[in-house]
Amino acid sequence: MARRGRTTSCWAVQMSAAYSYRADSAVPSFPDDRPIIIFDGHCVMCSAFARLVIRHDARGVFRLLPAQSPLGEALYRHYGLPSPHYETNILLEDGVAWFKSTGSIRMMRRLGFPWSMATVFLLTPKSLRDAIYGWIARNRLRWFGRREVCYLVEPGAEDRFLS
């Protein structure tokens with residue numbers, strides 16, 4: 001299981017074995033046959049990203065899961081991430097959790113062109129990418145706002161969401 005760093009603003013996640021959440025009794029069973037994006041459903045920017053995924057993921061590769069759902073919160077706890085701050089999206093892909101900039105780049109890569117061009121950022125050192133990611137994550141609510149209610153599933157996209 002992953003462990004949180006000493007401070008909530010500067011936490012670190014250790015890699016866990018693939019599908020480690022399946023052995024965690026605190027994480028409910030869920031379909032994990034497709035990549036899952038766990039996002040802050042109260043964050044306006046994060047909700048806009050969820051809508052972008054729905055619009056541009058024509059093949060239906062991704063499922064989405066608000067972090068504020070019981071399953072989302074259980075997965076954040078499993079990986080030792082601070083809640084309710086949700087300063088990273090989680091990409092669960094083939095049972096492996098990807099965080100911060102690497103997770104986001106992997107998400108964009110699967111959305112196809114032009115979004116897949118984000119893979120060029122893999123040439124940037126991870127420490128720099130994650131520092132920029134963290135700066136945006138810490139300021140996103142101030143810059144873009146907070147929704148009073150969690151992201152609501154758009155009609156016709158119900159099968160794309162876990163809850």
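The values are calculated or read from the model by the stated rules, or taken from the named source; none is laboratory data. In this text, all values refer to a predicted model and were calculated from it rather than measured experimentally. Counting neighbours? That spans all protein chains shown, and the Cβs are built from the backbone with ideal geometry, glycine included.
Brief remarks follow.
- Selection from region 41-61 of residues that are crowded, with 20+ Cβ neighbours inside 10 Å, at pLDDT 90 or above and assigned to a loop (DSSP other than H, G, I, E, B): 57
- Of the residues screened, residue 13 is not one that is surrounded by fewer than 22 Cβ atoms within 10 Å (Cβ to Cβ), modelled with pLDDT of 90 or more and among the hydrophobic types (A, V, I, L, M, F, W, C).
- For region 15-40, a residue qualifies if it is charged (D, E, K, R) and assigned to a loop (DSSP other than H, G, I, E, B), and the qualifying residues are 24, 32, 33, 34, 40.
- Listed by position, the helices (runs of 4 or more DSSP H) contained in region 62-147 that have at least 2 residues being crowded, with 16+ Cβ neighbours inside 10 Å, without any contact (Cβ under 8 Å) to a residue 60 or more places away in the chain and in contact with a His (Cβ under 9 Å, 6 or more places away or on another chain) form an empty set.
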